[in-house]
Amino acid sequence: MSAAEPRWHLSPPIWINDPNGLIHRDGTWHAFYQCNPFGAHWGSMSWGHATSTDLLTWTPHPVALPGADGEDIFSGSCVAAPASVVASWPDAPALGDADEVLVAIYTSHYHGESPRAGIEAQSLAVSTDEGLTWTRYAGNPVLDRGSANFRDPKVFRHGDGWVMVTVEAEHQQVLIHTSDDLVHWSDASTFGPHHARDGAWECPDLFRLPIEGTDESAWVLTVSINPGGLHVGSGQQYFVGDFDGRTFTPRRMSDVEDPRTFDWLDHGRDFYAGVTFADGPDGRVIMLGWLGNWSYAHDAAEGGRRSLLTLPRELTLVEHRGRLVVRQRIPAEAAAVPVRRLRLLAGQSQEVDGITIAFADGRLEVRRPDVAGLSDFGGTAWAPVDGDAVELDIHADTGSLEIATADGLVWFTMATPHI
Ligand code: FRU
């Protein structure tokens, strides 16, 4: 069985999971992503590649970084770097006459016959043709702690150097490293375990966001967790705080062990591994996530469901109920995506594509029925919302619903029961 194609989402006809290497270049948005070039199930992990000018419709490109014998290419990021920096590396690749090149920083997940089998370490690749072809760095890996669960580097420019956030997934820790040249990395600090920690920490990101209505900004550290999300399986939490170039310090920590007192990017069941684009225009911060949940993703793919990334979300901070929270809106570039506006009064509910949305007692509930063969698919996700009525922006596509309160403070990203 092969499912219909989503219209507004990046969804190649093969298995995909996390977005990787997101970067904006002169009006073109590059999305790389975890994929299996050979099939609809997880395996042979590689970086696929697509580009877009509206973040809704995507032009496919050849696989950017194919997995090799003994080495899967796991998640990571991409930065634009001066060619002079890359030329200074020991055993630097040939760069031609480029002034600036793209550098991918990814996890080498070694297995099989590799002498490093069982280890995850961070590696580099360089592109001089806007991400179409890549040369792996001869000195890989560049950061190896001898760990089996050290992955998902997100690198960003900071001052004159670069900062990398990664995870020690099974220790529920984010590791921060710094570098002047992307090859030599120094330990800066660690963060965690904090808040949700009943699962592996994966795919961290760290970025600065403007606080709406002020001239100020704050830093946000996000980290995905699986299992141990808000409602079974995968989820993505965040912390708002300050970053001095080496250490992230949260402004608020919950003093109770209740996941409802933590901060979550999405209250639905299918938002995971969200990361932001490097070099967003005007400093804007735009995120894509994987529209999936590891609880049932493998079985869903076996059943013919398409893999897809989420709609783009532009992130800002707002003061809400006495704390800074992330607001997510569809960015202007993607304004063409159809939106259905729905208003629910207290006590009212509405079914959309097999999912029931209900508003009562200060709670917005999203209920999904069970689907045979998909464990933990059915159930109720909910979030508290203020007021006597709730205005919703509903983005429906084949196989998915992304439901937002109109102020963008609460989102539910959900695979639909029918495909
Ligand atoms: C998250 C993740 C990452 C890893 C990748 C492998 O979904 O498990 O931690 O790099 O997927 O595909």
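Annotations
- Counting only residues that are more than 20 Å from Ala125 (Cβ to Cβ), within 16 Å of the ligand (Cβ to nearest atom) and either of a type in the set (Lys, Arg) or open to solvent by less than 20 Å² (accessible area, probe 1.4 Å) (or both), the range 155-191 holds 5 of them.
- Some residue of the range 195-204 being closer than 16 Å to Thr276 by Cα and open to solvent by less than 10 Å² (accessible area, probe 1.4 Å): yes
- The strands (runs of 3 or more DSSP E) falling completely within the range 317-360 that include 2 or more residues that are open to solvent by 80 Å² or more (accessible area, probe 1.4 Å) and at negative phi map to 340-345.
- Of the residues making up the range 387-406, those that are touching a strand residue (DSSP E or B) at 6+ places or on another chain (Cβ under 7 Å) and more than 11 Å from Arg343 (Cα to Cα) are His395, Ala396, Gly399, Ser400, Leu401, Glu402, Ile403, Ala404.
- Identity of the residue in the range 91-140, open to solvent by less than 50 Å² (accessible area, probe 1.4 Å) and of a type in the set (Val, Ile, Thr), that ends up farthest from the ligand (Cβ to nearest atom): Val101
- Answer residue from the range 29-48, given it is farther than 18 Å from Arg305 by Cα and free of Cβ contacts under 8 Å to residues at least 40 places away in the same chain and is surrounded by the fewest Cβ atoms within 10 Å (Cβ to Cβ) among those: Ser44
- Restricting the range 277-297 to residues that are in a strand (DSSP E or B) and within 16 Å of the ligand (Cβ to nearest atom) leaves a set whose member that is farthest from Val163 (Cα to Cα) is Trp290.
- Top-ranked residue of the range 251-270 - restricted to ones that are among the basic types (Lys, Arg) and part of a loop (DSSP other than H, G, I, E, B), ranked as farthest from Ala300 (Cα to Cα): Arg251
- In the range 212-226, the residues that are open to solvent by 10 Å² or more (accessible area, probe 1.4 Å) and away from the ligand (no atom under 12 Å from the Cβ): Glu212, Gly213, Thr214, Asp215, Glu216, Ser217, Trp219
- Leading residue by the ranking (farthest from Asp54 (Cα to Cα)) among those in the range 7-38 that are outside any loop (DSSP other than H, G, I, E, B) and of a type in the set (A, V, I, L, M): Ile16
- Of the strands (runs of 3 or more DSSP E) lying entirely inside the range 149-248, those containing at least 3 residues that are touching a residue at least 60 places away in the same chain (Cβ under 8 Å) and under 29 Å from Pro90 (Cα atoms) span 150-158, 173-179.
- Scanning the range 262-296 for residues that are charged (D, E, K, R), more than 12 Å from the chain's Cα centre (by Cα) and more than 16 Å from Ser52 (Cβ to Cβ) turns up Asp263, Arg269, Asp282.
- Count of the range 1-28 residues which are open to solvent by 10 Å² or more (accessible area, probe 1.4 Å), within 14 Å of the ligand (Cβ to nearest atom) and among the small types (Gly, Ala, Ser): 0
- Of all residues making up the range 105-122, the number that are in a strand (DSSP E or B) and in contact (Cβ under 8 Å) with a residue 40 or more places away in the chain: 7
- Selection status of Leu65, in contact with a helix residue (DSSP H, G or I) (Cβ under 6 Å, 6 or more places away or on another chain), in contact (Cβ under 8 Å) with a residue 12 or more places away in the chain and surrounded by 14 or more Cβ atoms within 10 Å (Cβ to Cβ): no
- Arg145 vs. criteria open to solvent by 30 Å² or more (accessible area, probe 1.4 Å), in a loop (DSSP other than H, G, I, E, B), closer than 30 Å to Pro193 by Cα and not small (Gly, Ala, Ser): yes
- Of all residues in the range 68-82, those satisfying the criterion of being touching a strand residue (DSSP E or B) at 6+ places or on another chain (Cβ under 7 Å) and touching a residue at least 40 places away in the same chain (Cβ under 8 Å) are Gly70, Glu71, Phe74, Ser75, Gly76, Ser77, Cys78, Val79, Ala80, Ala81.
The values are calculated or read from the model by the stated rules, or taken from the named source; none is laboratory data. Quantities reported herein were computed from a predicted structural model and do not represent experimental measurements. Here the Cβ is made from the backbone with ideal geometry for all residues, glycine too, and neighbour counts use every protein chain on show. The area values use the complete protein model at the heavy-atom level, side chains included, leaving out ligands, DNA and RNA. Shrake-Rupley method; radii C 1.70, N 1.55, O 1.52, S 1.80 Å.
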